[in-house]
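Inspection log for the structure reproduced underneath, given as structure tokens.
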Amino acid sequence: MTLKYAYFPGCVAQGACRELYQSTAALTQALGIELVELKKASCCGSGTFKEDSQLLEDAVNARNIALAESLQLPLLTHCSTCQGVIGRVNDRLKQAETQNPAYFNQVNGLLKQEGCSPYRGTTEVRHLLWALVGDFGLEALAERVTQRLSGLKCAAFYGCYLLRAQDHLPYDDPHDPQSMENVFRTVGATPVYYRGRTQCCGWPLASYATEQSFQMAGGHIQEAIAAGADCIVTPCPLCHLNLDSRQPEVEAVVGRSLKLPILHLPQLVALALGISPQQLGLDRHVVSTQPVLRKLGLLTPSP
Amino acid sequence: MLVHFNILRQTTETAPHSHTFPLEVEPSSTILDCLNRIKWEQDGTLAFRKNCRNTICGSCSMRINGRSALACKENVGQELARLQSIQAFAPESSESRPGTQTAETDIPTFTIAPMGNMPVIKDLVVDMQPFWDNLDAVDPYVSTEARQVPEREFLQTPEERDRLNQTGNCILCGACYSECNARETNPEFVGPHALAKAWRMVADSRDDRTAERLSQYNDTSGAWGCTRCYYCNSVCPMEVAPMDQIGHIKQAILATHDDQASRAIRHRKVMVDMVKTGGWIDERQFGFKVVGNSLRDIRGLASLVPLGLRMLARGKLPMTFEPSEGTREVRSLIHAVQALESKSPASPPPGPPSEKPTQSDSSTSAESSTPSNLSWAPAMPSEDSVSSSSSPSAAPVTTQVEPSPAFGWTAYAEQINGRFAMIGFVSLLLLELFTRQDFFTWLGWR
């Protein structure tokens, strides 16, 4: 049966990490996963709406979930932060339907008043990682691998919201997750473990506590390098922003050269399916991904 | 059953080393029971804190199998089940891993280590002085100034008292502080335990220092230092949810400050504003508005220039922005939420009663510039409700009075002048970058 999802692209994949949008499209197409993009969806707030008001976060994301519900599809995201925020709203509203119906009705009353579809609590929020591990299945994925990424040492960087924003995770322990590492093994790469893989990248502080933010990112990158990683792979574009786009500034704060390539999860998997690095936007990273491609023998000589 | 306890041992003068103690245990034994038996039966020099054995005193917090927890609360059976579920999902994961859960001999191995973010005194005993100092820094006592009012007792309604239940459950065990990611890089940050207590004070109807407290917590040593890693929420043994309490402090600050108060506040307000404008965040504008403060913060804007040029060079700077097709809907929805919240106190969350206090009538202080008699909705229409008043179903909003253009050395003229100067400056930088020539060479002057 064909897997089909209501696709929530998020802000960053439509902006500074356009290569994530491209690579998710390429990967799902190659795997025969059908995506129906939610063109009417809006930003989840990345955790900041709740700091303004819980009702704001719940109402905006109830609307996002309701868009998927009206298609009778699970909502798919490729961002750890979107997963944590929208997934948590889904969990709390499902709970509120029985335990706090007044609040549930208040949220739906607002949606109705503004002409939005009602939230019914009938669907799930699934990160691309969970869709690969749980819905598509790693064995099925292994059968699609045409180019094993042998010898590539990958360090996972999960993102806080994917692991700890929701009370219950479908596959992982929040303090010792394995999904990413299992995907690495499936595509023939070697996982490397390091302490920072479950920690914060520092992105939430980057706009106003820049040095602390970059110290966080720098600490994790240095640990990954010390563990022998050829690259960090992340299922979160916000982590990607702090670890890749700002890596030159991170280097200045920690006082050493890092140059560790940071890949998006669908880029890594799609490479193993034989999709070209150009199609995955691997040439659009701040830190060059050429060392990874060179190691995999995928570096095409420049014309 | 036999379990290997792999305990990280050290003193202030010796490097940490791992020591394995085999122990026959029952699934119902707590980790503390096991440590006691190791100390009594195998090695009397093993050091750890303990007291009540009943999840009351908070003494026996330590890292158990990779996360901070109370040794008296976790038991062998639960830990074993947890490790088995991790193991089942990662059958090949034992290679190259720090702190493997199951040894090659199939004997379960529990890793026990001291808490993080605090220096170790010996084995599992850490120096908690910074933890207590940081708690003290938020002034964790109901203000005694209120005692000068005539009443001899401070009465609270059951509802007012209920608001303190969740934060009141804190037993100061240190688990949240141990895992706090922000503490690792910001020595000024007081930590989740202190800020949960800080909110408990703000939420207390008897305390009359609300405005001063919010002012005190309104920086990166306080609420804005939290990086929202969720670790504190996930390890707290008493479900205090410190990050949620920090969120309440932020809500109170955001309700009483405009976007010029600080960059952290502007970050939040610009987010809401941009979603109302385009559904998604327009990243081309975001840094300009938040860090550059729409050309008011030249130094901030200049700090973004290297990032902008780098993103441009790598083709990562978005050239276009496509608003969501649902922008109109989401804008009117946000307006409706804001209108609702400006009329009434914040809505109750599902589950436990709201932590948000209603307006307190005990406040007597009128000294501060921030309203001490805090209401849980903005007293003034927020900045966010201003810019998008064209929405068809927008709630009533006020219009912001823009400074009028005038001749001479007026503030408006200065502001416009500054903005044009900055545009010129950035253009020159870009010109030099792309032509690889300095400005004077480009003009042909040399």
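The values are calculated or read from the model by the stated rules, or taken from the named source; none is laboratory data. Here the structure is a predicted model, which means the values were calculated and not measured. FYI the Cβ positions are ideal-geometry reconstructions off the backbone, even for glycines, and counts take in every protein chain you see.
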* **Filter result for A:Q72 (on the phi > 0 side of the Ramachandran plot and either away from every other protein chain (no Cβ under 13 Å) or more than 16 Å from the chain's Cα centre (by Cα) (or both))** => yes
* Structure fact -> Per the list (1) assigned to a helix (DSSP H, G or I); (2) crowded, with 17+ Cβ neighbours inside 10 Å, residue check on B:S324 breaks on (1)
* Regarding B:I334, is this residue touching a helix residue (DSSP H, G or I) at 6+ places or on another chain (Cβ under 6 Å), more than 7 Å from every other protein chain (Cβ to nearest Cβ), assigned to a helix (DSSP H, G or I) and in contact (Cβ under 8 Å) with a residue 24 or more places away in the chain? -> no
* Asked: When both residues are 6+ apart or on different chains and their Cβ atoms are under 7 Å apart, which pairs have a first residue that lies in the range B:186-206 and is of a type in the set (V, I, T), and a second that is in a helix (DSSP H, G or I)?
  -> B:V190/B:N134; B:V190/B:A137; B:V202/B:T210; B:V202/B:R213; B:V202/B:L214; B:V202/B:I249; B:V202/B:A252
* Tally of residues being surrounded by fewer than 24 Cβ atoms within 10 Å (Cβ to Cβ) and more than 10 Å from chain B (Cβ to nearest Cβ) across the range A:231-249 -> 1
* Structure fact -> Of the residues in the range B:294-323, those that are of a type in the set (S, T, N, Q) and either touching a His at 6+ places or on another chain (Cβ under 9 Å) or closer than 15 Å to A:G15 by Cβ (or both) come to B:T320
* Asked: Just one of A:A156, A:A209, A:A217, A:A224 is crowded, with 23+ Cβ neighbours inside 10 Å, without any contact (Cβ under 8 Å) to a residue 40 or more places away in the chain and more than 8 Å from chain B (Cβ to nearest Cβ); which is it?
  -> A:A217
* **Complete set of residues in the range A:151-183 that are under 12 Å from A:C231 (Cα atoms) and of a type outside the set (G, A, S)** => A:L152, A:K153, A:C154, A:F157
* To do: Pull up the range B:196-234, narrow it to residues that are of a type in the set (V, I, T) and part of a helix (DSSP H, G or I), then point me to the one that is modelled with the highest pLDDT.
  => B:V202
* Asked: Across the range A:85-144, which residue is farthest from the other protein chains (Cβ to nearest Cβ) among those that are among the hydroxyl-bearing types (S, T, Y) and crowded, with 17+ Cβ neighbours inside 10 Å?
  -> A:T123
* Considering only residues that are assigned to a helix (DSSP H, G or I) and more than 10 Å from chain B (Cβ to nearest Cβ), look in the range A:253-269 and name the one that is farthest from A:H127 (Cα to Cα). => A:V254
* **Residue satisfying condition, being in contact (Cβ under 8 Å) with a residue 24 or more places away in the chain and in contact with a helix residue (DSSP H, G or I) (Cβ under 9 Å, 6 or more places away or on another chain), within set A:D167, A:D135** => A:D167
* Which residue, of A:A165, A:A156, A:A131, is out of contact with any Lys or Arg (no Cβ under 6 Å at 6 or more places or on another chain) and not assigned by TED's automatic domain parsing to the domain that holds A:R92? -> A:A131
* Structure fact -> Residues in the range A:2-47 that are among the basic types (K, R) and touching a helix residue (DSSP H, G or I) at 6+ places or on another chain (Cβ under 8 Å) total 1
* To do: Please work out if A:E51 is under 25 Å from B:K343 (Cα atoms), acidic (D, E), at the interface with chain B (Cβ under 7 Å from one of its Cβ atoms) and surrounded by fewer than 24 Cβ atoms within 10 Å (Cβ to Cβ).
  => no
* Determine whether B:L135 is of a type in the set (A, V, I, L, M, F, W, C), assigned to a helix (DSSP H, G or I), at pLDDT 95 or above and within 31 Å of the chain's Cα centre (by Cα). => yes
* To do: Among the residues of the range A:257-301, count how many are of a type in the set (S, T, Y), more than 20 Å from the chain's Cα centre (by Cα) and modelled with pLDDT of 95 or more.
  => 3
* Counting only residues that are of a type in the set (A, V, I, L, M) and under 16 Å from B:C232 (Cβ atoms), which one in the range B:66-84 is nearest to the other protein chains (Cβ to nearest Cβ)? -> B:A69
* Structure fact -> Filtering the range B:209-253 down to residues that are touching a residue at least 60 places away in the same chain (Cβ under 8 Å), closer than 19 Å to A:Y208 by Cα and facing chain A (nearest Cβ under 8 Å) yields B:Q251
